[in-house]
């Protein structure tokens, strides 16, 4: 996150947060069970898992999605995510797995999926109204969230691919996620170079797939914007603020405060 | 205290050392940023949907997965199993795989699965028997490799669907050049190298693959420019005639597998991956909803006219004395498979093209004017009838495999 921080007073616990957390945890546990069932006896109950043929990989994906949801629920209940940006991430971590799971494990996801989506919507009500500064903060944060999502997509497609292309996809996706997380701590040029290096190999060897070049293009476009924004962001430390106040005080001493 | 907007460009005002007061009026810059975020989010969601569609349609998994595993595990198992695994890699009309096997300790019985006949495209089961001949040839070729001496008795004339009995006696294992090509053989529907001839010596060698003990089955070549043009025109006309025949179109559609889940559920039929389309075109076809039968038919006609016939170096025709005789049909299928395996071993591409004979049989079935029934004999030696035809040439791309049912699905008690 950028050096800009928004100070907030610790809000009183909301009943809807407790509800959202419970839905997330219970839904996540049920989802993990659904994923395990798909992983173990999926081929014997295909109508229940959406007639999926690749029950192993989809079962693993389902368990991972459920784990993300459980972690989000636990984070919500432990009240560790109290900035607006953090809350947006948390809501996304409930709603996205909640929706994606419907495509990985069929009917077995109906109940956990509904619980996660309802939990996500409930948690979303805790996001403070987006004022100008929230938008500024979220812009840098959310851009990186988008790049991380694209990196995960890239990684997932790498898992689906075969041979050397698979290595390119998995490695490239992981690198995109890593660079996106480290953007605030590295020069923009390094971040941009890292993103381009991460996405080019897989997109080149699977150019005909349309989807990998599309993801690669978005990673570069959004990643470049995020990196430039971070590099332009002005660090507002307490010292800097004190200096600003001092300047202002000096100005007043000069009688120019009005 | 005065705000320092020059130092805090986003409209933030510093009110204390530890907190920032949020202005209530959104700046123009924030508005633009918010719009950019919205667009980016929309683009990522759209790409996510596209990525899921690509995953669901197996765009990056072409030729892999359970439906394609028989091509890689064909040598697994003991006893008769590897012979059956080899048999199911044979070509068949519309990849319908109309075969069943009964397996004993020292024999294999080959049966026709007539529920998998291709209907109006093969009303007299000519192509079904040719495919069974190809499967039988794979058994015969693979048997010595696994230490069996095969002895074949053909019985395809009965009503019970029994086609052949293969008795197997133990011998010392020996390698076979043709058997080694079984898992590498695929029908190649891509364009061939334009203008590059297949050497006459190669054509001659393939002709000699005909079994001298079965003189009523031969292979002939249409390799001169005139002969190629004549056959090409017949193929294009026959394709158009099939597309004008609603029943034949319906029979064709029955075996078309559009989705990845369909491919793995049925493990048979015609797929986009094996259709010889350019990769980008194949991807677009997979990502979009299935095209209408008319559009699919037009694409097939265009491919036949502009790619398949235009780049054929030569046409091979397996000819027999009586194309309605099931025994000759099975023998013809065995020869066809030997030719295809030999061509594969020499780096040549082969594409089965039976539109003309499909129309000949259809005309006979409907009792209509034998347009193709009269035209086809004009380009064949007198006294011979066409059983199956194909184009041959130098490949521009390696052919992709077709799905295959598991060996367990074709062995019956």
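A few notes on this one:
- Helix B:126-145 and the long axis of chain B differ in direction by around 90°, with both axes built from C-alpha atoms.
- More than 21 Å apart - percent of Cα-Cα pairs taken over region B:101-191: 41 percent
- The tail of the calculated P(r) for region A:141-189, taken as Cα-Cα distances beyond 15 Å, holds 44 percent of the pairs.
- Separation of region B:189-253 from region B:282-316 is 17 Å, based on Cα centroids.
- Computed FRET value (nearest 0.05) for residue B:114 with residue A:159, which takes r as the C-beta separation and R₀ as 41 Å: 0.45
- Residue B:295 versus residue B:157: modelled label distance in nm, points set 7 Å from Cα along the beta carbon direction: 5.0 nm
- Taking chain B as a Gaussian network of alpha-carbon nodes connected by springs under 10 Å, the highest mean-square fluctuation of the residues B:378, B:329, B:248 belongs to B:378.
- Zero-based 10 Å bins, Cα pair distances in region B:120-161, whole percents: 24, 44, 24, 7, 0
- Scaled against 2.2 N^0.38 Å for its residue count N, the alpha carbon radius of gyration of the protein assembly as shown is 1.27.
- Relative contact order (percent, whole number), region B:17-128, Cα cutoff 8 Å, 6+ residue spacing: 14 percent
- Theoretical ellipticity at 222 nm over the protein assembly as shown - DSSP helices of four or more residues, -39500 (n - 2.57) apiece, nearest 500: -17500 deg cm²/dmol
- Counting beta carbons within 10 Å around each of B:228, B:310 and listing the fewest first gives the order B:310, B:228.
- Relative to the longest principal axis of the Cα atoms of chain B, the long axis of helix B:355-366 lies at roughly 70 degrees.
- Rg/Rg_globular for region B:352-396, with Rg_globular taken as 2.2 N^0.38 Å and Rg from C-alpha atoms: 1.32
- Surface/4 estimate of mean projected area, convex hull on alpha-carbon atoms of chain B, nm²: 30.0 nm²
- Computed label-point distance, nm, for sites residue A:204 and residue A:67 using a 7 Å Cα→Cβ extension: 3.3 nm
- For a paramagnetic label modelled on residue B:78 (point 7 Å from Cα along Cα→Cβ), amide N atoms under 20 Å away belong, within region B:382-413, to B:407-408.
- Residues in region B:73-113 that a label on residue B:167 would reach, taking backbone N under 17 Å of a point 7 Å out along Cα→Cβ: B:103-110
- FRET efficiency, residue B:368 to residue A:186 (Cβ-Cβ, R0 60 Å, nearest 0.05): 0.20
- Under 20 Å from a label point set 7 Å out along the Cα-to-Cβ vector of residue B:413, the amide N atoms of region B:67-91 belong to B:80-81.
- The mean sequence distance of close C-alpha pairs (under 8 Å, at least 6 residues apart), as a share of the length of chain B, puts its relative contact order at 24 percent.
- Across region B:241-373 the C-alpha pair distances fall into 5 Å bins from zero in the proportions 2, 8, 14, 18, 20, 19, 13, 6, 1, 0 percent.
- Principal-axis tilt of helix B:326-345 within chain B, Cα atoms, nearest 10 degrees: 50 degrees
- Separation of alpha-carbon centers, region B:326-383 and region A:159-176, rounded to whole Å: 45 Å
- Against the empirical curve 2.2 N^0.38 Å, the C-alpha radius of gyration of region B:149-257 lands at a ratio of 1.51.
Values quoted throughout were computed directly from the atomic coordinates according to the rules given, and no laboratory measurement underlies them. As the structure is a computational prediction, the values presented were derived from the model and not from experiment. Note that we place each Cβ from the backbone using ideal geometry, even for glycine, and neighbour counts take in every protein chain shown.
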